[in-house]
Amino acid sequence: MPTENQQKGKGREFNPHSGLPSNSSNLLIQLTEDVHTDILKMFIRFDMYNQFKGSTNCYSMQSSPVYLKRSDIKTAFENKQDAISFMKNFQNEHELLEYHQSKTTTESRNAVKYLLHLKEIAVINRINSLAQIKDAGSGHPGGSLSETEILLVLYEIMRHKPADSDWMERDRFVMSKGHATPGLYAQLAMCGYFDHVSCSFGSEILSGFDLLRTFRKDDGYLPGHVKVGVAGIDASTGSLGTGLSIANAFAYVMKKEMPEATAFVLMGDGELQEGQITEACTFSSHYNLGNVIAIIDNNGVQNDFETHMTKNINPIGDKFRAAGWEVISGGMKWEERQTPFRNGHDIVFLINALVRAKEIGREKNVPVVIVADTDKGHGVSFMVEGKGEWHGKAPNDELYDKAMAELQESLRMVRELYAKI
Amino acid sequence: MQKYNTAKAATRDVGNEYVDLMAADENLYVVNADLSDSLKIRKAKNAYPGRTIEMGISEQDMISFSYGLALMGKKVIVNTFAQFMQRGWDQIYQSGRGKKLNIIYRATHAGIGVGQDGESAQAIGDLGAMRANAGIDYVLDPVDYNEAVELLRQLLQENRTAYMRTYRQPVSPLLPQNYEPKIGRGFLFPQNINSSIIIIASGSMLEQALKAQSLLESSGIKIKVAALSTIKPSPDAGEVKRLVENSNLVITAEDHLKYGGGLGDALAPALNKLGIRQKRIGMDSYGTTGTPEGLYKKYGMDAEGITRQVKEFLNK
């Protein structure tokens, strides 16, 4: 966790909102020279969503969707719990990387490997999210790409058993933004939830990652919006605003019957316009549900346009705080939002936030919300720049290839980075 | 079958039974949106505070919350006014997606019979709205306290969702003690069994229909009366046939929009198929402020109003 100095913004030269070194713009200018030797600079370059804008070289056009699987993961790490404990010393990825670069230790190497492992999976999940949408010809890319790291880290922290999805004592997750399914399905496939499912689809019997091909299809396994019956899904959603109420019920029962368990819910920022969330918000605090953790995928964009232009729901944290919640956020003021480098894509921030949220909730007996600032369409430059344009439609062949080229470049970059750790 | 209640009681008093039901089943939860006394659930609240959950004035939250409880393996009775339950219509619909659960939406103060609050609190489209909700398996409009209690008990035995409508105004027991209420079944009163005219009534209209039967009889017109509380699923053809046997005029009576998806509409296809003429008694549009008696009179839904309309139907 940050030291007092860091919290006050003293001592370190990091922008407290973006997590970037405060001289990052200079750094980026110098990138061309030493990018292949300085891992921190390489990392910054990797993280710039638009770094690969227009990048098409090296990759053949592939407008028929290709899915990546667990066997495509090239990175590995030694010990997850050690890595998570070590990450607690840092506010964000860049701090961890910088530490590792200057004082390489066994622990820091393990933590950075774990970080890059998750970064690689995040790119793979993005590729699989867009592949589903392209395959189906429809779906919600923007929100699926903004939630990628949140879901990835959540499933790292949650107590769950993909091989036994009905395990009664498990943590529950409610995907309140129930339209952003491609991102969730990609994550569930990665966790292995679909390995235990077999489903007939046309003349085939499908299982595991192959089920992603059935998204939104006639007689497919994966419905357009979140629905109970799909392995790993705890509650049906799709009509916005219902998830927190459901998570409250899970938490209410768990508090009595399985005190170890936590109820997580992911909501979009636009979704917070729904009045039911205000109703549910009060319930969580009134009943001291310290086992409810809400995460806001605060991508700042909703169906029509930017959230603050449509109906401004900011400041989000203050509203939850006023309703009796503890708030964890990157501290960025909504007026100062700028792309890229949102805390909602920062794995170190998210891991710490979730671990801390579980502790705070139980210590103080209050619900905790994590405001994760994200980019709608993160990882694909034109989707981020398109604002509301990429909320709910599939890219054409040309744009799909463009998106894949950018993501493939990310993948190559993270693997290259890993090789240098 | 529970103990037969002989005193006058409103169907909304089923809330008094929750304590016993909760004692018998530790998985049964009751949720409420700030209407404990109207719903008669204060006793349950005192006896089982952990399982009788106060949601505050938050119907949508209450319904999604109940869905969450049901997903955790609980049986849930959701309680509020009939008009306000409809604020969660979409939440009810969404809660039915993907898995069968035991959730009972128990609405009260239904119809214009609620009286003086006026039309803002008078649910006259709820039966239709809930019948049109794929998240609801059964829509029930019980006619007296004994039937309401018995149907509620049956609903808790099945992994299904139901909307049960209850009323504020007390009524004497109307169904005989030896009758066993069942979902999907109606009761044909034995009086004037050979008449070719029948009123089929649901909910609070049964009392008025039985009174109208006496009034008509004193002016020489004999009619039959049947109680039918199952609105969804529509009673099967056999049951409808049993109730309307030898009839050539069926009058459906409901404290609801008469063309609003309630009893009249639930029976219309079957009656049409049997080639039997149907007339309807009920509301055409908004109610207004007034006493229950005054409003039933105003809209022709009290015994006199029904009597008058039956005569008109016969003259046409």
Across segment B:263-288, what is the number of residues that are within 27 Å of B:G115 (Cβ to Cβ) and surrounded by fewer than 15 Cβ atoms within 10 Å (Cβ to Cβ)? 4
Flagged pairs (Cβ under 6 angstrom, 6 or more apart or on separate chains; first in segment A:271-287, more than 7 Å from every other protein chain (Cβ to nearest Cβ); second surrounded by fewer than 18 Cβ atoms within 10 Å (Cβ to Cβ) and part of a helix (DSSP H, G or I)) are A:Q273/A:K311
Can you give me the number of residues within segment B:29-49 that are more than 27 Å from B:S204 (Cβ to Cβ) and in contact (Cβ under 8 Å) with a residue 24 or more places away in the chain? 3
Based on this model, can you work out whether B:K3 counts as of a type outside the set (S, T, N, Q), surrounded by fewer than 20 Cβ atoms within 10 Å (Cβ to Cβ), without any contact (Cβ under 8 Å) to a residue 40 or more places away in the chain and not in a helix (DSSP H, G or I)? yes
Identity of the residue in segment B:84-112, in contact with a Leu (Cβ under 9 Å, 6 or more places away or on another chain) and among the polar types (S, T, N, Q), that ends up farthest from B:D13 (Cα to Cα): B:S95
Within segment A:357-388, can you find the residues that are under 29 Å from A:K255 (Cα atoms), touching a helix residue (DSSP H, G or I) at 6+ places or on another chain (Cβ under 7 Å) and surrounded by 23 or more Cβ atoms within 10 Å (Cβ to Cβ)? A:P367, A:V368, A:V369, A:I370, A:V371, A:A372
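Let's see how each residue does on (1) under 13 Å from the mean Cα position of the chain (by Cα); (2) touching a residue at least 12 places away in the same chain (Cβ under 8 Å); (3) surrounded by fewer than 24 Cβ atoms within 10 Å (Cβ to Cβ); (4) outside any loop (DSSP other than H, G, I, E, B):
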| site | (1), (2), (3), (4) |
| --- | --- |
| B:G128 | yes, yes, yes, yes |
| B:P142 | yes, yes, no, no |
| B:E147 | yes, yes, no, yes |
| B:Q154 | no, yes, yes, yes |
| B:Q157 | no, no, yes, no |
| B:Y167 | yes, yes, no, no |
| B:Q177 | no, yes, yes, no |
Can you tell me which residue is surrounded by the fewest Cβ atoms within 10 Å (Cβ to Cβ) among those in segment A:157-171 that are outside any loop (DSSP other than H, G, I, E, B) and out of contact with any Leu (no Cβ under 6 Å at 6 or more places or on another chain)? A:D164
Looking only at segment B:55-106, how many residues end up being β-branched (V, I, T), within 9 Å of another protein chain (Cβ to nearest Cβ) and assigned to a helix (DSSP H, G or I)? 1
On the basis of being away from chain B (no Cβ under 13 Å), among the small types (G, A, S) and under 20 Å from A:G392 (Cα atoms), does A:G238 make the cut? no
Checking A:R356 against (1) part of a loop (DSSP other than H, G, I, E, B); (2) in contact with a Lys or Arg (Cβ under 9 Å, 6 or more places away or on another chain); (3) of a type outside the set (S, T, Y), the condition it does not meet: (1)
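FYI, it's all coordinate maths here, none of it is from the lab. These figures come from a predicted structure and were not determined experimentally. As a convention, Cβ positions derive from the backbone with ideal geometry for all residues, glycine included, and neighbour counts pool all protein chains shown.
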